[in-house]
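The values are calculated or read from the model by the stated rules, or taken from the named source; none is laboratory data. If you're wondering where the values come from, they're calculated on a predicted model, not measured in any experiment. Here Cβ is always computed from backbone atoms with ideal geometry, including for glycine, and neighbour counts include all displayed protein chains.
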């Protein structure tokens, strides 16, 4: 009876998690890009904000591509801010900007965790089929640093042949088995994510215990005085690869804001300077959303980061933040490609 | 090593295995003593020396008291213990506080005030109080001085209660050391049930509420009035579930080993008056303060006025015990004043006070008590008086504006906490308990563990009372 009861609890847990909290891990491994979503899958996101979304026929969190060519086509490449699983469908900044620009189609190809290097490689695979008028490269505080890992630097050194992303590396039987379990069970997926998080926390705690350090490897000091000296050259080479695919490129920076320390810089000055210099050099547009976001906070008194189920003022931008960024992006697109 | 960490689970499993394998009571006591010092040294091995020093001083003092031929000699030995224990507390916990407050005087005299770079040894407030109670009990003749130094060391250092209580007295603990039996399945089961309850209280309830309370207390002026109210209620829940969760885990671990600890909490937020609150909140501290401070000050034996003064003074010092800050003193003073006022009111009303109250009066009494406790928590939690006044201003003088944030997970926890307190009213103060002998308890245990795994905010959040 005890075993039957435990089985019933697990079955109920699976049902509740699958329906309301977290989808099974349906993402598929892709060489170089690590993973991507397949077409037409339902995704429930609840760890920060809440949404139930479905990918389109191209595996993107966007509407289906329009049958007739739009007057102006925009391709948005970005990370989780662009992917926008934290807000309901239609509230992402890409949707806001699209509604503000009649005749414009914005194809949202944002994928959580992707850096501009991933965007460039993805473009080299599929970009020619899209041929947008404008490419928007969205980035935030942490994901430029992703281009400086040893693995990313190796990828810079050996770019893929056009149209080929390669095949994902072979997996061991155990890993394939685990992936299969995660693909089928939402409860297992959530448990796996939590165990990975718990393991990282424990590792960090033990590191602090024995090394008296333990700062997260991903933590980027706010308003760092300098950026990695390799970054300008890497961005320059990436821009060359990206700009081949569209006449106009816009770099969109979505920063974290510190709502509780008046007088702090609104964005990372060293990082924005590097990108602004790149844009000036290469004739691209640069949109730093910090000003618009700060104005919105001054106007309403409510942060544009954070949700009712996360710490307010931190994490991803909420629906108000997406609205503000979307409006600013629409203005920039209209200026760049009238 | 905190009870809710992975390393503690490894430590506990290894300890239980060793105790199971050990032959003879001496071996089990030795294992427990070594494990307790290992547990304490895990924080900082240097703390172990202070613990040893306190232990040996009080062990010797108690023997000295017993051997002293005259009351004066006994008093002299007692004084040695008080000076030693309170001296360590004063040095490690309060020295910088005293120096900072005396700084203006030093400056007038043209002296430079140094800031001492001392680390507060974790648990010092608890084990010094425990040690003092032992010596006073021996002095009063309530307890013979313990002869076995190893067992006395174990009494002071016993790891389940070493860091944050409950403050266990010698009369409760030392007799149990006479027979440390082999592990019994029944004890392990009961202890594990209690431990799981405490673990859930800590990681599901307290840590979730902390996610809401901490940011608001960090910047109270930035938030809207409703958010401030909810954050203060969340903090009230956080400190209760954090501390009572720790206590449940301590009681559970001790039970697994075969040692009984006293109850430390009995649903304090259902209290209808402040006196009842202190009979339900941190019972081992409030009874310690009563027996070793309030009664020696004269208790209620020296007239009404003196009784009120004694009450207020006891609580004021109880506030200072929590930390070297005037906000803790203010917290204690407010509780002392409220206890004195309540006692005065009861005496003024005489027999009428004992008449049963109707539901409306009961509700109003509860609400008044709860709001008072909330206001005092603002001083307890805030880093300064300025921050406390800002928070209270936001709560009671809402000027509009501010960040409106209602953290959903915290609201769910507060709703469950309300239900748990209401349940206790209808069930003679008992909490819902797991009984793993019953098959239907296992799915409940699975559900609780699943909830912890999926929803507990991760991160090593130390227990609040460790800092005291």
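Summary of values
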quantity: Residue match in the range B:251-270 (condition: out of contact with any helix residue (DSSP H, G or I) (no Cβ under 8 Å at 6 or more places or on another chain), without any contact (Cβ under 8 Å) to a residue 40 or more places away in the chain and under 30 Å from residue B:337 (Cα atoms)); calculated: no
quantity: Residue in the range A:114-150 that is surrounded by the most Cβ atoms within 10 Å (Cβ to Cβ), counting only those that are closer than 21 Å to residue A:316 by Cβ and in contact with a strand residue (DSSP E or B) (Cβ under 7 Å, 6 or more places away or on another chain); calculated: A:136
quantity: Condition met for residue A:29 (in a strand (DSSP E or B) and touching a residue at least 24 places away in the same chain (Cβ under 8 Å)); calculated: yes
quantity: Selection from the range B:57-88 of residues that are surrounded by fewer than 18 Cβ atoms within 10 Å (Cβ to Cβ) and closer than 26 Å to residue B:318 by Cα; calculated: B:75, B:76, B:79, B:80, B:82, B:83, B:86, B:87
quantity: Any chance residue B:415 is free of Cβ contacts under 8 Å to residues at least 60 places away in the same chain and closer than 30 Å to residue A:46 by Cα; calculated: yes
quantity: Failed criterion for residue A:153 (all others in (1) surrounded by 14 or more Cβ atoms within 10 Å (Cβ to Cβ); (2) modelled with pLDDT of 80 or more; (3) farther than 30 Å from residue A:24 by Cβ hold); calculated: (1)
quantity: Residue count for the range A:97-113, restricted to those that are under 16 Å from residue A:322 (Cβ atoms) and surrounded by fewer than 23 Cβ atoms within 10 Å (Cβ to Cβ); calculated: 4
quantity: Residues of the range B:292-313 that turn out to be assigned to a helix (DSSP H, G or I) and farther than 19 Å from residue B:345 by Cα, as a count; calculated: 3
quantity: Search result, residues across the range B:70-93 that are more than 33 Å from the chain's Cα centre (by Cα) and either part of a helix (DSSP H, G or I) or over 28 Å from residue B:130 (Cβ atoms) (or both); calculated: B:71, B:72, B:73
quantity: Lone unmet requirement of (1) more than 16 Å from residue B:62 (Cβ to Cβ); (2) assigned to a loop (DSSP other than H, G, I, E, B); (3) within 26 Å of the chain's Cα centre (by Cα) for residue B:96; calculated: (2)
quantity: Residue in the range B:346-366 that is in the same structural domain as residue B:315 (by TED's automatic domain parsing) and under 20 Å from residue B:333 (Cβ atoms) present; calculated: no
quantity: Test: residue A:330 is over 30 Å from residue B:209 (Cα atoms), in a helix (DSSP H, G or I) and touching a strand residue (DSSP E or B) at 6+ places or on another chain (Cβ under 9 Å); calculated: yes
quantity: Test: residue in the range B:90-103 that is touching a helix residue (DSSP H, G or I) at 6+ places or on another chain (Cβ under 7 Å), at negative phi and at pLDDT below 95; calculated: yes
quantity: Counted residues, the range B:28-51 - those being modelled with pLDDT under 90 and either within 14 Å of chain A (Cβ to nearest Cβ) or surrounded by fewer than 20 Cβ atoms within 10 Å (Cβ to Cβ) (or both); calculated: 5
quantity: Qualifying residue in the range A:49-64 (condition: surrounded by fewer than 20 Cβ atoms within 10 Å (Cβ to Cβ), closer than 30 Å to residue A:181 by Cβ, within 14 Å of another protein chain (Cβ to nearest Cβ) and in contact (Cβ under 8 Å) with a residue 40 or more places away in the chain); calculated: yes
quantity: Residue match in the range B:423-437 (condition: farther than 23 Å from residue B:218 by Cβ, over 28 Å from the mean Cα position of the chain (by Cα) and within 14 Å of another protein chain (Cβ to nearest Cβ)); calculated: yes
quantity: Pick from the range B:178-232, criterion within 30 Å of residue B:147 (Cα to Cα) and touching a helix residue (DSSP H, G or I) at 6+ places or on another chain (Cβ under 6 Å), ranking: nearest to the other protein chains (Cβ to nearest Cβ); calculated: B:188
quantity: Selected residue (only one of A:235, A:278, A:287 is closer than 30 Å to residue B:215 by Cβ and either outside any helix (DSSP H, G or I) or at pLDDT 85 or above (or both)); calculated: A:287
quantity: Helices (runs of 4 or more DSSP H) contained entirely in the range A:68-161, each with at least 2 residues that are in contact (Cβ under 8 Å) with a residue 12 or more places away in the chain and over 23 Å from residue A:234 (Cβ atoms); calculated: A:93-100, A:116-130
